[in-house]
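First up is the structure itself, then whatever we jot down about it.
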Amino acid sequence: MRKWTPLLAVCLGTFMLLIDVTIVNVALPDVTRDLDASFSQVQWVIDIYALSLAALMLGAGALADALGRRRVYLTGLTVFAAASVACGLSQDITVLIIGRAVQGIGGAAMFATTVALINVSYSGRDRGTAYGIWGAVAGASAGVGSVIGGVLTDLLSWRWAFWVNLPVSILAIALSLIVFQDAERRRVRLDVPGMITFTAAASLITYAIIEAGEEGWTATTPIVTAVLGVLALAVFVVLQRRTANPLIDLALLRSPVFTGAVLAAAVLSSTAFGSSALISIWLQSVVGLSPLKTGLVLLPMSAVAFVVAGGLSRRMHGVPVARPIGAGLFLIGCGTLLMLFVHPQSSWTALLAGLLVVGLGVGLATPPLTAAALSAVPVQRSGMASGVLNTARQLGLAFGVAILGSVFTSRAADTLASHDVPGADGLASAVSGGQTQAVLQAAPENVRGQLETAIHEAFAAGLHGAFLIAGLVGLLGSVIVFLLLRREAAPEPQPTLEPATAAS
């Protein structure tokens, strides 16, 4: 058992940082009620965590080389634990958003060092076994996250979705102090300007998309913020071309296979997981499910993805990666379009077929992604390539949540306006954030029934808009990715189990 203690320490950290991608989804209606949050603020509770992970993961890997992987992993665990406590104690939505950002910082430090810690702790057959177990834990995390969040929110409070991290963090820190030793450090020059400009670009563009849903796509604030984001991205590209130690070697993108893998990772995360929060809010606010039942409705998608990924990862020898990845994205697009059958009087069963097909696509596309990316780059760039792939996954999730949320809000507001509901824009934001019951209770009794009908239709219209966009992006992405990946020889898939999650 002592031999596997390092793996336990790594898996505990991985489990925490990945379940926090989904554990908060089912708690969102309770969060908005308790903290009086708007829908755009609710989106930031999810997006800021993904953005922190995406923006800092590459820099955290370089920092681990400079300061020592054990030290960086322990620091990440400590920061994550402290931020989790702060999130649970939040009495204001802004404090919660800041806490989630700090959680992402700690998560980036943990995620950037897990593979290296497994590498130095195991060799030979044990290393393969360790990667398989770690992949299984990572793959299961997103699925059980929604259920754990539902149980904690139902039985205790949404705050326990964050406080549960504290005992797990303490155990992981204690084990890490005992079993890990820092390897020899390397002198590394951190690309701080690159980290700053990349973070600014991603944050500004995400903010512009979210605000467009609140203020309209032609409003001044979204346009100005988007322009600033694009300028920050341009500065980042210039800096990466000129620095000797870039965060991302842009030459890697010359490979169609590597570019295809990165694009596939972003499309997969945005289309398969970008609407999860919207579904969760609809199930609780309109269908009337409890947080626990909501988590159970979302579980089959992750369960199918996990089973398919585990079953296929060892049977893909010699199969060109373009086929499973392209087919997986195609299935994700089709599954999302299947959810267009949702109507104002639908129950949760209207989503089931679509969720199962999406899970099948995620399970099919995920295992060969890393193998495809690493096969297209020099061995000495494999760490950077893996980091870029994980960054693309998190950015895809962040942009997916922002874009689909903005489409949802816009369609919901238009539907409410068509019913001559006063203050349609503000009302759309309120009901989108899960405050349907509060809105109905505040309305005069003589119009309550009419308002409830309008809200149900608005939710259905918003979901239709989000599902349509996600489905079309999935289908288009599958074609583009297939054409890119088939341009070079297919690599042999790795024997380890890839986590079938957005955050993996």
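For the range 266-276, putting each phi into the Karplus relation 6.51 cos²θ - 1.76 cosθ + 1.60 with θ = phi - 60° gives couplings of 5, 5, 4, 5, 5, 7, 7, 10, x, 9, 4 Hz, in residue order, rounded to whole numbers and with x for Gly and Pro.
Less than 5 angstrom separates the built amide H of residue 346 from none of the residues sequence-distant by 5 or more or on a different chain. Amide H contacts under 5 Å for residue 164: none, restricted to partners 5 or more places along the chain or on a different chain, H placed in the peptide plane at 1.01 Å from N.
Distant-in-sequence amide contacts of residue 219, defined by a placed amide H-H separation under 5 Å and a gap of 5 or more residues or a different chain, comprise nothing. If you sort the three axes of the alpha carbon gyration tensor as a ≥ b ≥ c, you get a/c of 1.5 or more for the range 147-298 and a/b no higher than b/c, which makes it oblate. For the range 79-96, the Karplus equation 6.51 cos²θ - 1.76 cosθ + 1.60, evaluated at θ = phi - 60°, returns couplings of 4, 4, 5, 5, 5, 5, 4, 4, 4, x, 8, 4, 10, 9, 5, 5, 5, 5 Hz by residue, with Gly and Pro reported as x.
Dividing the convex hull volume of the alpha-carbon atoms in the range 326-422 by its residue count gives 112 Å³ per residue.
Residues in the range 4-20 carry Karplus couplings, in order, of 9, 4, x, 5, 4, 4, 5, 5, 4, x, 4, 4, 5, 5, 7, 5, 6 Hz; the curve used is 6.51 cos²θ - 1.76 cosθ + 1.60 with θ = phi - 60°, and Gly or Pro positions show x. Averaging Cα coordinates gives a centre for the range 24-98 and one for the range 1-16; these two points are 22 Å apart.
Quick note: the coordinates plus some simple rules give every number you see, no bench work behind them. In this text the structure is predicted, and so the values were computed from the model without any measurement.
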